[in-house]
Amino acid sequence: MLGVCYYPEHWPEAWWPEDARRMREVGIEFVRIGEFAWSRYEPQRGSFDWGWLDRAIETLGNAGLKVVMCTPTATPPRWLVDEFPDILPVGADGQVRGFGSRKHYRFASERYFEEAQRITEIVEQHLLRRIVELVARGVVRRDLRLVDELVERRIRVARPVVRARRMPDL
């Protein structure tokens, strides 16, 4: 089993098919996407753009790659930090770290946890609707066990690590 991280949101869409072909050519089977894409999913609070994600998943799948979806919680969007600056981490020197790096949030922030859970559930709902749509159109073969489990039991996508283990600020 061999996998790779891929960030389709950072590359021109015209490159995706060639990227996917090359991944398969070198033996890649799995592609992990989405962990840094919150600002692309939700460019403004409550406004969502799923088109690029759907096309990326379809492109990767058409190349024979298996897509592993991540929660998009590694980098909260700028609008969220502007709305809730208290989610930013504070260094040992007492200085607030600014926006613009990976994991620029306080691991112990209850507000950040709530927002991370909110976007994770929204992504989950979109992906479940998309799976049902693709099965109905016959694009995806219905694996009764998997689809029924996802749709009827509504198994959640992985929760952010912050929920499993709340960490104090350093």
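The values are calculated or read from the model by the stated rules, or taken from the named source; none is laboratory data. This structure is a prediction, so every number in the text was calculated from the model and none was measured. Note that we place each Cβ from the backbone using ideal geometry, even for glycine, and neighbour counts take in every protein chain shown. Just so you know, the surface numbers come from the protein's heavy atoms only, side chains and all, with ligands and any DNA or RNA stripped out. Shrake-Rupley method; radii C 1.70, N 1.55, O 1.52, S 1.80 Å.
Do the conditions hold for VAL96, that is, is it among the β-branched types (Val, Ile, Thr) and more than 14 Å from GLY34 (Cβ to Cβ)?
Yes: the conditions hold for VAL96.
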(request) Could you check, for segment 105-125, whether at least one of its residues is assigned to a loop (DSSP other than H, G, I, E, B), surrounded by fewer than 19 Cβ atoms within 10 Å (Cβ to Cβ) and of a type in the set (S, T, N, Q)? (result) no
(message) Could you go through segment 89-110 and let me know if any residue there is touching a Gly at 6+ places or on another chain (Cβ under 9 Å) and of a type in the set (A, V, I, L, M).
(response) no
(message) For segment 22-63: of the residues being more than 23 Å from ARG118 (Cα to Cα) and acidic (Asp, Glu), which is most open to solvent (accessible area, probe 1.4 Å)?
(response) GLU25
(message) Pairs please, first residue from segment 90-102 and at positive phi, second anywhere and in a loop (DSSP other than H, G, I, E, B), Cβ atoms under 9 Å, 6+ apart in sequence or on different chains.
(response) GLY100/THR75
(request) Specify which of the listed residues (ALA14, ALA63) is of a type in the set (A, V, I, L, M) and modelled with pLDDT of 95 or more. (result) ALA14
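Collect the residues in segment 85-104 that are assigned to a loop (DSSP other than H, G, I, E, B) and closer than 19 Å to THR120 by Cα, keeping them in residue-number order.
Of everything in segment 85-104, those that are assigned to a loop (DSSP other than H, G, I, E, B) and closer than 19 Å to THR120 by Cα turn out to be ARG102, LYS103, HIS104.
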